1. Name the one entry in A:Val99, A:Val74, A:Val59 that is closer than 27 Å to A:Pro9 by Cα, in contact with a Leu (Cβ under 8 Å, 6 or more places away or on another chain) and in a helix (DSSP H, G or I).
2. Consider only pairs whose beta carbons are under 6 Å apart and that are at least six residues apart or on different chains; among these, list those whose first residue lies in region A:132-157 and is modelled with pLDDT of 95 or more and whose second residue is of a type in the set (D, E, K, R).
3. Within the bounds of region A:88-107, is there any residue that is surrounded by fewer than 18 Cβ atoms within 10 Å (Cβ to Cβ) and more than 14 Å from every other protein chain (Cβ to nearest Cβ)?
4. Only residues that are of a type in the set (Val, Ile, Thr) and within 14 Å of the chain's Cα centre (by Cα): list them for region A:194-222, please.
5. Go through region A:216-225 and report how many residues are over 12 Å from B:Leu40 (Cβ atoms) and either crowded, with 23+ Cβ neighbours inside 10 Å or at the interface with another protein chain (Cβ under 9 Å from one of its Cβ atoms) (or both).
6. Among (1) assigned to a helix (DSSP H, G or I); (2) polar (S, T, N, Q); (3) within 7 Å of another protein chain (Cβ to nearest Cβ), there is one condition B:Thr2 misses while meeting the rest; what is its number?
7. Give me the pairs: first residue in region A:28-50 and buried (at least 16 other Cβ atoms within 10 Å of the Cβ), second residue at pLDDT below 95 and among the acidic types (Asp, Glu), beta-carbon distance under 7 Å, and six or more apart or on different chains, which are they?
8. Please state which of the following conditions A:Arg82 fails to meet, knowing it meets all the rest: (1) among the basic types (Lys, Arg); (2) over 19 Å from the mean Cα position of the chain (by Cα); (3) within 13 Å of chain B (Cβ to nearest Cβ).
Amino acid sequence: MSIWEYANPKKFIATTSPVLPWVFGAAGLCLIGGLIWGFFFTPEDFRQGSTVKIIYLHVPSAMMAINAWAMMLVASLIWLVRRHHVSALAARAAAPVGVVMTLIALATGAIWGQPMWGTWWVWDPRLTSFLILFLFYLGYIALWEAIEDPDTAADLTSVLCIVGSVFAVLSRYAVNFWNQGLHQGASLSLDAQENVADVFWYPLLVCIAGFVLLFVALVILRTRTEIRARRIMALQARALREGVRA
Amino acid sequence: MTDLGAYAVEVMSAYAVSLLLLAGLVWVSWRRAVKVRRALEQIEGPRADG
């Protein structure tokens, strides 16, 4: 069986119907469990005090902001190469989820930065590239809405997604590229010396799982909606043509 | 209630903003899913698309 069979809209809806409630349930469990664990049952950091508890929202949302764009990039490339409508619709469905993740990362970062850095915002490489990524998300959503023909919209938004990927990569590696600015390097590392302490790491891992699962659940739900909306458009267009012929 | 010390406002506002945005996103996505599904059912009949 080929993976491309799931690019069939009917097959996609039939396959995801039984899976969706479980993914939402798992996302809810991980998110609620991870946030309660992190908020109530972890100590303060010796330097950052209780603001360290913002990590359980800031890091997973920032990760998902970048990964959502990466997912949109893969879906856009599949659309451009293989012309599977489900992939274009999945990319469209992921954009509002990505924009909310980016907004959460920016908002929690500003709230965290104020007491730690003494400022809400600074034109630091990582913060600036994240703001540009946020603007790319808005532009991507606006472009989908602005173009009437769905295939043309999918083509142009795919190109925009490829261009925006530069900023998604920059958002991730800006600190390493420029090695300046207020934002610290990655909080998570395979090197135990660089990684956050275990007491923060385990609840953070659960929160990251929750954000990933929520993203998957929302993208599935929204892709199903986009497929149905496209079907409605097709049926209405067919009815209109038949009405004109009659 | 856990003691957040001097940073209670910052931590609580970060959680409030994030949870509101996440809840809003889920609610909007769910509401549109139900609306579009019903609209398609009206055209095609129930369970037409699985």
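The values are calculated or read from the model by the stated rules, or taken from the named source; none is laboratory data. As the structure is a computational prediction, the values presented were derived from the model and not from experiment. Backbone-built Cβ (ideal geometry, glycine too); neighbour counts: all protein chains shown.
1. A:Val99
2. Qualifying pairs under 6 Å: A:Trp144/A:Arg92.
3. no
4. Once the filter is applied, which keeps residues that are of a type in the set (Val, Ile, Thr) and within 14 Å of the chain's Cα centre (by Cα), region A:194-222 yields A:Ile208, A:Val212, A:Val216, A:Val219, A:Ile220.
5. 6
6. Status for B:Thr2: all satisfied but (1).
7. Note: pairs meeting the criteria are A:Ser50/A:Glu44.
8. Just one mismatch for A:Arg82, condition (3).
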